[in-house]
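Visitor: Handing you a structure now.
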Amino acid sequence: MQNTLRVSSVFALLGCMSLPFYSSAEQQEETEVKFAFYSSAWGENTDDGLRLVAFNQTPAPIRLNSIELHSGDESAETIVIDIELEIPSGGYADKEFGYIDLLSGDECIDRTMQENWKLVEISNYTLNPSVRNLIIENTDSFRIYQCVQTISTSWTDLSSNQLYEYEEWVLFHFETRRDL
């Protein structure tokens, strides 16, 4: 009986190995693909486009397939951005897009924008002044605020053709200066 269980376990394992691999969409604390969206439209009320900058921390070249933003408001629409950007191993890549409204439908973002904060970037990593190479001498005159939103990220390892899909967070990074 024990031999039968071992043999069936081996066959089950081998059967799973022959299927195409992808990771399930689960919440990730730390991801191997870092990215940030930027737009001059956020501070100037223009319809300038978006710029995406991405960094691949994996040992293989990848293609960032898509990023899907899930609104905190059930009635708001999910925003899917088709990226299709190849990024070399340990390297950066960027891509320009027409303007996409990534700010609507979230209470934290709406409230923050009404309070005259300026959106600086949307990224899947924590922003702090040292990351942006800023020197802030008087921290009483400068503030940073962040809103969090859940997203789904999809990328493909181009050396093995493995698809990775997972949920993670993006941070909407706002900055303001106090009136002195």
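The values are calculated or read from the model by the stated rules, or taken from the named source; none is laboratory data. For clarity, every value in this text was computed on a predicted model and none was experimentally measured. Counting neighbours? That spans all protein chains shown, and the Cβs are built from the backbone with ideal geometry, glycine included. These accessible areas exclude ligands, DNA and RNA; they are computed on the full protein's heavy atoms, side chains included. Shrake-Rupley method; radii C 1.70, N 1.55, O 1.52, S 1.80 Å.
Visitor: Ignoring ligands and nucleic acids, what accessible area does Lys34 show with a 1.4 Å probe (Å², nearest 10)?
Guide: 40
Visitor: From largest accessible area down, sort Glu121, Glu167, Glu77; use a 1.4 Å probe on the protein chains.
Guide: Glu77, Glu167, Glu121
Visitor: What does the charge add up to near Ile81, with Lys and Arg as +1, Asp and Glu as -1, over the other residues with Cβ less than 12 Å from its Cβ?
Guide: -3
Visitor: Could you pull the accessible area for Leu158 with a 1.4 Å probe, rounded to 10 Å²?
Guide: The accessible area of Leu158 comes to roughly 60 Å².
Visitor: With a 1.4 Å probe and all protein chains in place, put His173, His70 in order of accessible area, largest first. Before the final figure, lay out each step's value.
Guide: Numbers: His173 0, His70 45 Å².
Heavy-atom accessible area, descending, gives His70, His173.
Visitor: What distance in nm separates the two pseudo spin-label positions at Glu115 and Glu96, each 7 Å out from Cα along the beta-carbon direction?
Guide: 3.5
Visitor: What is the sum of charges, Lys and Arg at +1 and Asp and Glu at -1, for the other residues whose Cβ falls under 12 Å from the Cβ of Thr156?
Guide: Net charge around Thr156: -3.
Visitor: While we're here: As a test of reading the structure, rank Leu163, Leu119 by solvent-accessible area (1.4 Å probe, protein chains only), most first. Don't jump to the answer; show the numbers that get you there.
Guide: Working: Leu163 55, Leu119 5 Å².
Putting Leu163, Leu119 in descending order of accessible area: Leu163, Leu119.
Visitor: What Kirkwood hydrodynamic radius, in Å, does the range 80-127 give when the mean of 1/r is taken over all pairs of distinct Cα atoms and then inverted?
Guide: Here the Kirkwood hydrodynamic radius works out to 13.6 Å.
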